[in-house]
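Presented below is the structure to which this report refers.
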2 protein chains.
Amino acid sequence: MKIVIVGGVAGGASAAARARRLSEKAEILLLQSGPDISFASCGMPYFIGNEITDRKSMAVQTPESLRRTLNIEVRVLSTVTDIKTDEKTITVRDDAKGDVYTKAYDHLILAVGAAPFKPPIPGIERPGLFSLRNLQDMDQIYAWIEKKQKELGEGDMRCVVAGAGFIGLEMVEQLVHRNMNVTLVEAMPQIMGPMDVEMAAILHSDLEAHGVDVIVNDPIASFAEAPKDPESSILTLKSGKVLPAAQLTILGLGVRPDTDVIKQAGIEVTPRGHIVVDETLHTSASNVWAVGDAVEITNPILGEKWAVPLAGPANRQGRMVADNIFLETKRKYKGTWRVSIVRSFELYAACVGLNDKLLKAKGLPYSVVHIHPNDHAGYYPGAEKVHLKLIFDPMLGKIYGAQIVGKAGVDKRIDVIATAMQGNLKVEDLAELELSYAPPTGSAKDAVNYAGMAAQNTVEGLVSQVQWTELETLASDPSTVILDVCNPGEIEGNGPLVPTALNIPLGELRSQLNEVPRDKKLVVSCASGQRAYYACCILKQNGFPDVQNLAGAFMTTSFARQTAA
Amino acid sequence: MKIVIVGGVAGGASAAARARRLSEKAEILLLQSGPDISFASCGMPYFIGNEITDRKSMAVQTPESLRRTLNIEVRVLSTVTDIKTDEKTITVRDDAKGDVYTKAYDHLILAVGAAPFKPPIPGIERPGLFSLRNLQDMDQIYAWIEKKQKELGEGDMRCVVAGAGFIGLEMVEQLVHRNMNVTLVEAMPQIMGPMDVEMAAILHSDLEAHGVDVIVNDPIASFAEAPKDPESSILTLKSGKVLPAAQLTILGLGVRPDTDVIKQAGIEVTPRGHIVVDETLHTSASNVWAVGDAVEITNPILGEKWAVPLAGPANRQGRMVADNIFLETKRKYKGTWRVSIVRSFELYAACVGLNDKLLKAKGLPYSVVHIHPNDHAGYYPGAEKVHLKLIFDPMLGKIYGAQIVGKAGVDKRIDVIATAMQGNLKVEDLAELELSYAPPTGSAKDAVNYAGMAAQNTVEGLVSQVQWTELETLASDPSTVILDVCNPGEIEGNGPLVPTALNIPLGELRSQLNEVPRDKKLVVSCASGQRAYYACCILKQNGFPDVQNLAGAFMTTSFARQTAA
């Protein structure tokens, strides 16, 4: 059996390795357009920032190591220029020698990935502008920084990162580590698109605290040559804003599937260019399979389709395709939940599933809770806040998604919630979830439990909520009273939630109930939301007819305000 | 409605708080036998070791704080001496004033906990011997250490920790931090009973590396007064071994439910003294509920019962009982999966579910995989090994349990597997589980994925395994060949797995197949198991009839051997 795999990084390399385990006799050919296979794609920003110093470690496998351990033939610098699905052949161009040849396959696995998007902006091909897709890009950026820092002095180099997604944020941190002046530019109204604005705001403020100039809601208009410096570029934004000349620009404007040849071959792709596959990851063409960033797969939360360019799913899809070629019982890919995490200085930000924006755009009903518990027992030193947003079906408690930002334990909580979603657990199950607890690592009631309890309380109608987005309107509504149950000292420290808020500390609420108006809508807040919830219970049970909890309370509201300001 | 709660730490305090949220009008009385409620029980070793320095933080709630925020009446130093379930009254002794009085209840919640076990060993009441159940114990141990270290000089104090469970291990670490000579004594053949011996061995060796004298398989015979020092004790073990005089002994010999009064009241308890409850956590007596360490609850993995003294489940049970008193729809407690973690110096050790020993004792069929991957991407600095044992049904792939030891990411992986178990996921689902990945926190294929893949490979018959326990017998069996596919340099560094092993590095196996005997049973090993699995695939597909993988390979075997030696 002849298996040809196009693309040798995450999905392609996994498919090759698994295929060899399942068959010693198969002829396996791996084609890679660039010079490297199976490289540490996600490590590239850290190499540029000198956190990773061993260049060799960036090449996880080499053609020689794959040949030796797996008996796989690897051809690098090989571009597939045509696929004939009826003949089961591909045409390959050897980019080193310039030869073109035809190769037959029994099974073809397309793991072509996605290429950085380069919109047709004037000046985008200028020197000093780089995308970061492969080790050659990485080496070029590294060399460019070395050269420019020598010319200018290390601290005087200016850099623009265009696009505030994963690679953008990782590059910002690393460029700051290398002592550059960094401006982050994002066309959308917020950084970190997979999150909602009030969660992204935590990162946004933190970037600014690290000296990064963050510009949102302002697309790039043009790059122009700087006066007297042909290797620096002046970036002009749609708003008319002009940035100082920068010696380096990183383009992190998202990716597009690399599927032109595939489409031309008559293999079905979506209008946006993603390869269409069935549950077994088989394409529209016989014996042609596809995996990784170029594929549109199932969104298991809504039963729709989406494209999610992440390394983990690509790896598992690669393994599954090999199984489906060799094993009798075909495996079915359940979908990608879109679990992701990024580090930005001391913070980690992680998401899973659907966000608020997406659900709103779809017009689906959903509820949100915001909590701010500690990552481990408060009495044990070093506890850090975990800011957690949980999004769920307001009636059924089905988990739609979660977003978490904090300094510690963020990866654990997103993985637990992601696993819960993959096990079809509901918010009530999160409330009951049994997790490990030792003072240095957790709490008897974990952040995930608290999120589940808060969500369960809303699903079961024990408490109703308003969101921070509604606060301003409510504060100016004469039929609403904002009740803040913080202690006076806290309010002095932070400023009032809204100037008109009525303040009764929780401990005094029962004895001061006569000061709370019964004929108004009450919106209750505190610092992080817990005491406000307690106060809501007290008020509701004392017959106050319209009581609502401000989700995430002062903390969530102040995050959102910091960035909006 | 009158609710009386007996016991005010984890389960009792949670029940009280939740009851108040659900009813402002209920009369809630919380009785606690000692002087403190809701204290940081799990933090006590860390206070003794000076990691926690704020004594106030150890009292998470006070009677006054509960009164103020929750309007709950708390009576400390109050011992329940009788329960009349037919009259719905209890008799309480005020241990401060000596008064005895009767109190009526509509609902009674028993959260009495478990008391440290003190077997009738000669000398167990001697000075300098302490259990650690409450803040008074903690303060006494702390004061004793201060006094003795002043008398003797800090580094000259000797200490025995009797019992190598959670509290024992935590105390050992903290006493070493306080510069003492520590001996850990355990009656069973291994430390850390919830784990299996080869996993506990990693901790065992590490304790020895930190200068702790670890004695296993040797129960305590007696404590005797040291010559010329009535405040030191000489411990003699069953084997006859006599330890040097120690100024401090911590008794961590497990706990027993504190249920004598409950049993006398005619409420059903098990032969071992645990309170029997139904799915709603209701006892055999009308309107009497029970939660926490004194209760026998469902083992959801086997559908049997067990008693699991852990803070997390106690808290959630407390909340559930309050719900079941006030809400129309009764909640059902699904059971306790026994998720636990302990830190021992730089290592964390965590478990969930059933272990090898327990399954063996029950005669149930099970399979085991051992893996040793990195906690995060190997190319990113600081990656640490995660030693993971996964136990599962050999036919159906149902997850029975897991054990993990390592320096980083242990809590995350145990929580992910625990969540998977609670979501009824199988080993094949672990292989496919989507988890977050950034180079500092994870890998594209996480340790949990690898464990799932290894297990799936055995369930589906792609590879068969032998365990380290079988190695010695197999090595001396002339019909078996142990094949080690390590590189020669590795074997020089570590010593051979067994002296008779045949060594063919994986990269040369295909070209040296003629050196591998076809008429023997082959047991294949390497350093951590991955290459051995690859080698098994090569051999099986080249027609070798009897090929088996040594689970966990050299690493697991050497852990087990270190301790056995």
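Quick notes on this one:
- The set of residues in region B:426-447 being buried (at least 24 other Cβ atoms within 10 Å of the Cβ), within 26 Å of residue B:298 (Cα to Cα) and touching an Asp or Glu at 6+ places or on another chain (Cβ under 9 Å) consists of B:427 alone.
- Residue match in region B:206-214 (condition: within 30 Å of residue B:391 (Cα to Cα), without any contact (Cβ under 8 Å) to a residue 12 or more places away in the chain and not β-branched (Val, Ile, Thr)): yes
- Residue A:515 being farther than 23 Å from residue B:68 by Cα and either of a type in the set (D, E, K, R) or surrounded by 17 or more Cβ atoms within 10 Å (Cβ to Cβ) (or both): no
- Residues in region B:366-398 that are among the aliphatic types (A, V, I, L, M) and either within 13 Å of another protein chain (Cβ to nearest Cβ) or in a loop (DSSP other than H, G, I, E, B) (or both): B:377, B:383, B:395, B:396.
- Pairs are defined by a Cβ separation below 9 Å, a sequence spacing of at least 6 or placement on different chains, a first member in region A:124-147 that is closer than 18 Å to residue A:163 by Cβ, and a second member that is crowded, with 20+ Cβ neighbours inside 10 Å and basic (Lys, Arg); the pairs so defined are A:128/A:148.
- Restricting attention to region A:498-516, the residues that are in contact with an Asp or Glu (Cβ under 7 Å, 6 or more places away or on another chain) and of a type in the set (Ser, Thr, Tyr) total 0.
- Qualifying residue in region B:333-352 (condition: away from chain A (no Cβ under 13 Å), more than 17 Å from the chain's Cα centre (by Cα) and touching a residue at least 24 places away in the same chain (Cβ under 8 Å)): no
For every residue, the table says whether it meets (1) in contact with a Ser or Thr (Cβ under 8 Å, 6 or more places away or on another chain); (2) at pLDDT 95 or above; (3) among the aromatic types (Phe, Trp, Tyr); (4) under 23 Å from residue A:39 (Cβ atoms).
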| residue | (1), (2), (3), (4) |
| --- | --- |
| A:64 | no, no, no, yes |
| A:67 | no, no, no, yes |
| A:75 | no, yes, no, yes |
| A:78 | yes, yes, no, yes |
| A:83 | yes, yes, no, no |
| A:89 | yes, yes, no, no |
| A:101 | yes, yes, yes, no |
| A:104 | yes, yes, no, no |
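- Only one of the numbered conditions (1) closer than 23 Å to residue B:350 by Cα; (2) in a loop (DSSP other than H, G, I, E, B); (3) at pLDDT 95 or above is violated by residue B:239, and that is (1).
- Residues considered: A:95, A:99, A:137, A:106. Of these, the only one that is out of contact with any Lys or Arg (no Cβ under 9 Å at 6 or more places or on another chain) and closer than 30 Å to residue A:284 by Cα is A:95.
- Residues of region A:472-494 that are more than 14 Å from every other protein chain (Cβ to nearest Cβ) and surrounded by 22 or more Cβ atoms within 10 Å (Cβ to Cβ): A:482, A:483, A:484.
- Some residue of region B:18-39 being touching a residue at least 12 places away in the same chain (Cβ under 8 Å), within 14 Å of chain A (Cβ to nearest Cβ) and hydroxyl-bearing (Ser, Thr, Tyr): yes
- Among the residues here, residue B:497 qualifies as in contact (Cβ under 8 Å) with a residue 60 or more places away in the chain, over 19 Å from residue B:385 (Cα atoms) and in contact with a Phe, Trp or Tyr (Cβ under 9 Å, 6 or more places away or on another chain).
- Taken over region A:47-106, the criterion of being part of a helix (DSSP H, G or I) and in contact with a strand residue (DSSP E or B) (Cβ under 6 Å, 6 or more places away or on another chain) is satisfied by A:58, A:63, A:66.
- If only residues of region A:175-210 that are assigned to a loop (DSSP other than H, G, I, E, B) and among the charged types (D, E, K, R) are counted, the one that is surrounded by the most Cβ atoms within 10 Å (Cβ to Cβ) is A:186.
- Residue B:522 passes every criterion in (1) assigned by TED's automatic domain parsing to the domain that holds residue B:389; (2) touching an Asp or Glu at 6+ places or on another chain (Cβ under 8 Å) apart from (1).
- Of all residues making up region B:41-59, the number that are buried (at least 20 other Cβ atoms within 10 Å of the Cβ), within 11 Å of chain A (Cβ to nearest Cβ) and not aromatic (Phe, Trp, Tyr): 6
- Looking across region A:498-512 at every residue that is among the polar types (S, T, N, Q) and not in a strand (DSSP E or B), the one that is surrounded by the most Cβ atoms within 10 Å (Cβ to Cβ) is identified as A:500.
- Subset of region A:301-327 that is within 11 Å of another protein chain (Cβ to nearest Cβ), in a loop (DSSP other than H, G, I, E, B) and of a type outside the set (Val, Ile, Thr) - its residue that is nearest to the chain's Cα centre (by Cα): A:310
- Checking each residue in region A:410-447 for being free of Cβ contacts under 8 Å to residues at least 40 places away in the same chain and more than 8 Å from chain B (Cβ to nearest Cβ) picks out A:426, A:427, A:428.
- Flag for residue A:419 being at pLDDT 95 or above, of a type outside the set (Gly, Ala, Ser) and more than 24 Å from the chain's Cα centre (by Cα): no
Rundown of residues vs (1) in contact with a Ser or Thr (Cβ under 8 Å, 6 or more places away or on another chain); (2) of a type in the set (Gly, Ala, Ser); (3) closer than 30 Å to residue B:44 by Cβ, yes/no style:
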| residue | (1), (2), (3) |
| --- | --- |
| A:451 | no, yes, yes |
| A:460 | no, no, no |
| A:471 | yes, no, no |
| A:474 | yes, no, no |
| A:480 | no, no, no |
| A:495 | no, yes, no |
| A:523 | yes, no, no |
| A:528 | no, yes, yes |
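- Meets criteria (more than 11 Å from chain A (Cβ to nearest Cβ) and surrounded by 22 or more Cβ atoms within 10 Å (Cβ to Cβ)) for residue B:401: yes
- The residue of region A:133-187 that is nearest to residue A:346 (Cα to Cα), among those that are in contact with a helix residue (DSSP H, G or I) (Cβ under 8 Å, 6 or more places away or on another chain) and among the β-branched types (Val, Ile, Thr), is A:172.
- Region A:528-560, residues that are assigned to a helix (DSSP H, G or I) and either within 14 Å of chain B (Cβ to nearest Cβ) or closer than 23 Å to residue A:514 by Cα (or both): A:530, A:531, A:532, A:533, A:534, A:535, A:536, A:537, A:538, A:539, A:540, A:541
- Listed by first and then second residue, the pairs linking a residue in region B:254-278 that is at positive phi to a residue that is buried (at least 16 other Cβ atoms within 10 Å of the Cβ), with Cβ atoms under 7 Å apart and 6 or more places separating them unless they lie on different chains, are B:254/B:163; B:254/B:165; B:266/B:85; B:273/B:256; B:273/B:257; B:273/B:259.
The values are calculated or read from the model by the stated rules, or taken from the named source; none is laboratory data. What you are looking at is a predicted structure, and each value in this text was computed from that prediction instead of being measured. When we count neighbours, we look across all protein chains shown, and the Cβ atoms used for this are built from the backbone with ideal geometry, even at glycine.
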